[in-house]
Amino acid sequence: MLEKALKGSPKYYTWIGFLVLIILGASGIYIMQLMQGLTITGMSRDVSWGFYIAQFTYLVGVAASGVMIVLPYYFHHYKKFKDLVIFGEFMAIGAVVMCLGFIVVDIGQPQRMLNVVLYPTPNSILFWDMLVLNGYLILNVLVGWTCLECDRQHLPHPKWTKVLAYTSIIWAFSIHTVTAFLYQGLPGRHYWLTAILAARFLASAFCSGPAILLLVILLTEKVTTFKANVEGISTLAKIIAYAMCVNVFFFLLEVFTAFYSNIPGHMLPLVYLFKGVHGHHELVPFMWTAVALGLGSLALLIPPKLRDNMKLLPWSLAILVIATWIDKGLGLLIGGFNPNPFEEISPYWPTGKELIVSAMIYALGALVVTILFKIATEVKQETGASQKTEISSEA
Amino acid sequence: MNHTRRNFLKFAGLTAAGLCVASAGSVMAAATAATEKASEKALQAKRWAMVIDTKRVGTKETIDVLAKACHAAHNVPDIPGRQNVKWIWAAGFDEAFDQPNNFMDESLEKREFALLCNHCASPSCVRVCPTQATYQRPDGIVAMDYHRCIGCRYCMAACPYGSRSFNFMEPRLHLDLAKLNKEFPTRMRGVVEKCNFCVERLAKGKIPACVEVSQGALVFGDLSDPASEVRKVLREHYTIRRKPALGTEPSVYYII
């Protein structure tokens, strides 16, 4: 099926060329990082994880989110998601590739990376994260690729794919839970040391991930002959709205616990993020932007009339993605390291080079997603499934 | 019948055990023969600990003496800014201990405290390390293998004391290569490092570098031995540890 990725319109090739150009150009900066060390980033002794690990965390959520389509389809036989399942799985592949990429660029000695496998250490959550992420990648590749190949040949899906699909549903929850465990078991990091962190991660993943997926699907509809089931899209938008409500609710639980208990350690990270501490308010405008956009997305997604308005939906989803990205891609990491163990504020901001290396990984992910979506839409076109013409001929 | 068989089995078992011990002993003797001289002198303990008399080393200047000795002994680079590396340094009461007091006596308010790795009995850095590059020795010291560390910095997130430094850049560029201590390795960029309670000096029968230059203000010894000097000092003075509520059980005590 891979040959389908080789034949495309000039537009398709321009896009691929653009992504390859970013990857090649930015890899120069990554080589620079390999030669000089992580000193080219804005990280420090106090904020020892930064933009890379934050993107990793956010993208684990995106990877896990495919389950919001796969679960209703397999567990509840919700057939309206039939044509979306493959995109959920392929999106997960792209997201996990980016996750692994962000881990690799964050490591100080990447050539020693295999030490994690050579000296397996079950008491380290990072060891488990490595296992579940790679496992999830393999599951999605196997299930997605096999099912698509069978669709192309008009064959029923083999039984084992169903077993693996069921496994991958449970697995999806595990990848984001384990990623949350990376943070929430560390003594002295008050912003992370909370039992609800894994639940927060899942809630934010299940709104932001499907939102990104839906945006990409709407874009796919624009550039290909693929047409998703309208009812399926509106159900997915409903799921996103519920998940965002839960996400906001969980965050408010944190706010209550911190401020009603009045315990400084719990309050300070939140105060730093939303009001500023010791004259440092670097993140305040971002966090309030997240609040405004988050509430705005709820206002646009909760009323069915606004949610089902297909002209408005992409905007509602976009602002939801920005809001959740600020919360998890900026606030979570910087708020977790501030105040530092000495009760001081250590400002962090990614450097230009750090952002360029991140762009390299994002372009790599976009390339993987483009190629996989191209193959999937070509197969659907070939088999005549979920096509625009089909809808118009029905109407 | 039964009786004699039991005796026979006892005899056979003892013989077998004896042979094992004898052969194991000879193997071990052969293996350690080369390092025997060093190990004879080596200082040993069940749990190493340090007591810092903050009344005697309580200023930036006095703590700087300790830091200089330590950093020279371990080739710790001098890097400006927040990507710096430090094994032992000075900090105020509020930075060191999470028990703020708005109305502290003046001497304590102005006092500086020497901070270093606490060599915790339940170290969270060891718990999270994915490669066992950070590990706990049987004598309680939390040590590091710089050649195994992949530089993921999980240990830095896990340490609630900020005791760990990452080599963001090539450390040798910030060392006076003429004054290197050739007995201790320099590090490369991309690995984490921290105080090691001078394991390399203990192996040669020397006390830690900072203790040596502290003129008795730092006491180092075996916490498990009631007759040791650290235990004697702990019996006689009021001491506190950093962030005891986190359950890490630090091995560094501060006389207030």
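Key figures for this structure:
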read-out	value
Answer from B:Arg231, B:Arg201 - the residue that is at pLDDT 95 or above, more than 22 Å from B:Thr131 (Cα to Cα), in contact with a Pro (Cβ under 9 Å, 6 or more places away or on another chain) and more than 14 Å from chain A (Cβ to nearest Cβ)	B:Arg201
Of the criteria (1) crowded, with 20+ Cβ neighbours inside 10 Å; (2) within 9 Å of chain A (Cβ to nearest Cβ); (3) farther than 22 Å from B:Cys210 by Cα, which one B:Cys125 fails	(2)
Test set (1) part of a loop (DSSP other than H, G, I, E, B); (2) farther than 23 Å from A:Asn340 by Cα; (3) of a type outside the set (Lys, Arg); (4) within 14 Å of chain B (Cβ to nearest Cβ) - A:Pro187 fails condition number	(2)
Every residue from the stretch A:19-43 that is outside any helix (DSSP H, G or I) and not hydrophobic (A, V, I, L, M, F, W, C)	A:Gly37, A:Thr41, A:Gly42
Cβ pairs under 8 Å, 6+ apart, first in the stretch B:86-97 and within 10 Å of another protein chain (Cβ to nearest Cβ), second among the polar types (S, T, N, Q)	B:Lys86/B:Ser165
Sole exception among (1) surrounded by 21 or more Cβ atoms within 10 Å (Cβ to Cβ); (2) more than 14 Å from chain A (Cβ to nearest Cβ); (3) within 18 Å of B:Leu66 (Cα to Cα) for B:Ile255, by number	(1)
Residues satisfying the stated conditions in the stretch A:94-144, i.e. within 17 Å of the chain's Cα centre (by Cα) and facing chain B (nearest Cβ under 7 Å)	none
Among the candidates B:Arg153, B:Arg187, residue that is more than 19 Å from B:Arg127 (Cβ to Cβ), of a type in the set (Lys, Arg), touching a residue at least 24 places away in the same chain (Cβ under 8 Å) and crowded, with 17+ Cβ neighbours inside 10 Å	B:Arg187
Some residue of the stretch B:37-45 being hydrophobic (A, V, I, L, M, F, W, C), on the phi < 0 side of the Ramachandran plot, surrounded by fewer than 10 Cβ atoms within 10 Å (Cβ to Cβ) and modelled with pLDDT under 80	no
Some residue of the stretch B:61-75 being of a type in the set (A, V, I, L, M, F, W, C), within 14 Å of chain A (Cβ to nearest Cβ) and under 30 Å from A:Thr41 (Cβ atoms)	no
Set A:Ser358, A:Ser316, A:Ser386, A:Ser297: member being more than 14 Å from chain B (Cβ to nearest Cβ) and at positive phi	A:Ser386
Residue in the stretch B:166-185 that is in contact with a helix residue (DSSP H, G or I) (Cβ under 9 Å, 6 or more places away or on another chain), of a type in the set (Phe, Trp, Tyr) and within 14 Å of another protein chain (Cβ to nearest Cβ) present	yes
Filtered residue count, the stretch B:98-133, keeping only those that are part of a helix (DSSP H, G or I), at pLDDT 95 or above and farther than 30 Å from B:Arg148 by Cα	0
Residue list for the stretch A:54-79, filter: small (Gly, Ala, Ser) and part of a helix (DSSP H, G or I)	A:Ala54, A:Gly61, A:Ala63, A:Ala64, A:Ser65
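The values are calculated or read from the model by the stated rules, or taken from the named source; none is laboratory data. Quick caveat, the model's predicted, so the values are computed rather than measured. Methodologically, a virtual Cβ is constructed for each residue, glycine included, from the backbone with ideal geometry; neighbour enumeration extends over all protein chains shown.
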